[in-house]
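Undergrad: Please read through the structure below; I'll follow up with questions.
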């Protein structure tokens, strides 16, 4: 069986959660992969796809990186010892990576946001992005460009269909330009 791939997962596997809002609100400058420290019931919930990254971000405290506001739903077969839904979770990065990210966010006003959560060799990983916030006019300009590209491709495809018939040959009475 062929391995399923998705453009949002650097490991090539299917992501468990994707933060689509982050790609619209931020311009991604660099990407990083980080492990995440989880409890057992959190792992079970994430494997079931019960995680939301919509409003989450990375905060730096005491020389550590923390994933804040990521919502992991309660495990359905968990007991009273189930995890808190929106607790801060420690990210597992090298000291050098943490110092570099912290320095870039402090000096240049950038932010670190999670893009996706995925499985890699049976471990749950988080794809992080060092990102710059988009302005409202940037978002509008991007939408305009995408609309123009889409319209141009539709015109091009329509013209290609009109020229040739279903077998790729010219229609009767049609002359070459």
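Undergrad: Would you compute, for the Cα atoms of segment 15-134, the largest minus smallest coordinate along each principal axis and list the three values in descending order, in whole Å?
TA: For segment 15-134, the Cα extents along the three principal axes come out at 45, 30, 26 Å.
Undergrad: A follow-up question, please. With N set to the number of residues, divide the alpha-carbon radius of gyration of segment 42-86 by 2.2 N^0.38 Å and report two decimals.
TA: For segment 42-86, the normalised Cα radius of gyration is 1.28.
Undergrad: If you don't mind, another one. Suppose each label sits 7 Å from its Cα in the direction of the beta carbon; what would the residue 64-residue 143 distance come out to in nanometres?
TA: Rounded to a tenth, the inter-label distance reads 4.1 nm.
Undergrad: What distance in nm lies between label points placed 7 Å from Cα along the C-beta direction at residue 14 and residue 43?
TA: Modelled inter-label distance: 2.1 nm.
Undergrad: Quick check: residue separation of residue 104 and residue 85 times 0.36 nm, minus the Cα distance between them. What number comes out in nm?
TA: Answer, rounded to one decimal: 3.9 nm.
Undergrad: With a point put 7 Å past each Cα toward its Cβ, work out how far residue 157 is from residue 97 in nm, to one decimal.
TA: It is 3.9 nm.
Undergrad: Next question. Please report 134, 31 as a ranked list, fewest other C-beta atoms within 10 angstrom at the top and most at the bottom.
TA: On the way: 134 16, 31 13.
The fewest-first ordering by Cβ neighbours comes to 31, 134.
Undergrad: Listing 56, 73 from the residue with the fewest other Cβ atoms within 10 Å to the one with the most, what is the order? Walk me through the numbers on the way to the answer.
TA: Values: 56 21, 73 16.
Lowest count first: 73, 56.
Undergrad: In addition: Determine the relative contact order of segment 15-134: mean sequence separation of Cα pairs under 8 Å and six or more apart, normalised by residue count, in whole percent.
TA: Details: 244 pairs, mean separation 46.3, N = 120.
With pairs under 8 Å counted, the relative contact order is 39 percent.
Undergrad: Which whole-angstrom value gives the distance between the alpha carbon centres of segment 28-63 and segment 130-155?
TA: The two parts, judged by their Cα centres, are 28 Å apart.
Undergrad: Just rank 32, 156, 60, fewest to most, by other beta-carbon atoms within 10 angstrom. All intermediate terms of the calculation are to be shown ahead of the outcome.
TA: On the way: 32 20, 156 10, 60 17.
In increasing order of surrounding Cβ atoms, one gets 156, 60, 32.
Read the figures in this text as sums done on the coordinates, not as results from a lab. All values derive from a computational prediction rather than experimental measurement. When we count neighbours, we look across all protein chains shown, and the Cβ atoms used for this are built from the backbone with ideal geometry, even at glycine.
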